[in-house]
Amino acid sequence: MTRVSNATDKVQTALLVGFDSAWTAHNSGAVVGVLRFGDGSFGELGLTKTVNYPQAQDVISEWQAEFTPGTTIIMLDQPTIVGNATGQRPVENIVGSLVGIRYGGMQPANTSKTEMFGAEAPVWRFLELFGRASNPLELVAGTQVFETYPVLAIIALNWSLVDPSKQARPSGRLPKYNPDRRKTFSLSDWRHVCAHTSGAFKDRRISELAKWIDEVSRLTEVHKEDQDGVDACICLLVALHLAEGKKCIMVGNMESGYMVVPHSTELECELCTRCVNTGLVPADWVRNCSQC
């Protein structure tokens, strides 16, 4: 692995982290990270790790202590701003329609779900340690945590599958790759997601992670921790897009909650149409962000 060698390298080095979170104190998720150097090359930090919240905090803190990066971008698959006591956040109302039309489902976030978003939920401690929910419209400085959503990233990256009934669902359908949902899980869909994710890392010469994803793609019995690891890698891909200066989409706002995913013209149009159909001003809820 490439090592940080001097002070200049450290200033230019970014630690990029994907965290498919545990959501509650009793569950585990997965974390994965890479270093991005000033010349655009990458240093790998090992394979995905199955972690609970305290373990994720320790892993990220250890990376920061060892490599002292100039910036850290953490893409977290869990809501980072939740002020509503019931129902769903506005961003979920916008995004949920796009997910639903592709035969997917979306879990609403509200503070009545005390294990996930109550005052003692572990996500708030995590955010306190790493600088709270950051504004994607501002340049990254120090440690920044952004909310992302692998399902929406899959749509943005055009990884959806063709729906046999194109007329009913011209936008396609989402892959069914959650092994805990045995009735709908599809091994071919799992391999489809893995192939795209692995390919994105191969394009960047992040070879060890790509090799691991190729290995789990060949499993005949997939477990939830395997999916957590791949979802953490998808979160990491969103961090890569942002760090590389590629355009991303911020859906939502800093007041009620948001998500960041890679930019797609088609996705942006769909999101704006959804805003219009629900009486929202698209420019207030769908914005482009980058680190250029």
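The values are calculated or read from the model by the stated rules, or taken from the named source; none is laboratory data. Predicted model, so just to flag it, every value in this text is computed and none were measured. FYI the Cβ positions are ideal-geometry reconstructions off the backbone, even for glycines, and counts take in every protein chain you see.
Beta carbons closer than 7 Å, at least 6 apart along the sequence or on distinct chains, pair a first residue in the stretch 158-174 that is of a type in the set (Ser, Thr, Tyr) and at pLDDT 85 or above with a second that is assigned to a strand (DSSP E or B) and surrounded by 15 or more Cβ atoms within 10 Å (Cβ to Cβ) for 160/173.
The number of residues in the stretch 195-225 that are over 24 Å from residue 40 (Cα atoms) and touching an Asp or Glu at 6+ places or on another chain (Cβ under 7 Å) comes to 3. Examine the stretch 257-275 for a residue that is on the phi > 0 side of the Ramachandran plot and within 17 Å of the chain's Cα centre (by Cα), and state whether such a residue exists. Within the stretch 257-275, one or more residues are on the phi > 0 side of the Ramachandran plot and within 17 Å of the chain's Cα centre (by Cα).
Results for (1) touching a residue at least 60 places away in the same chain (Cβ under 8 Å); (2) of a type in the set (Phe, Trp, Tyr); (3) touching a Cys at 6+ places or on another chain (Cβ under 6 Å), shown as yes or no for each residue.
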position	(1), (2), (3)
58	no, no, no
62	no, no, no
74	yes, no, no
79	yes, no, no
90	yes, no, no
97	yes, no, no
118	no, no, no
121	yes, no, no
124	no, yes, no
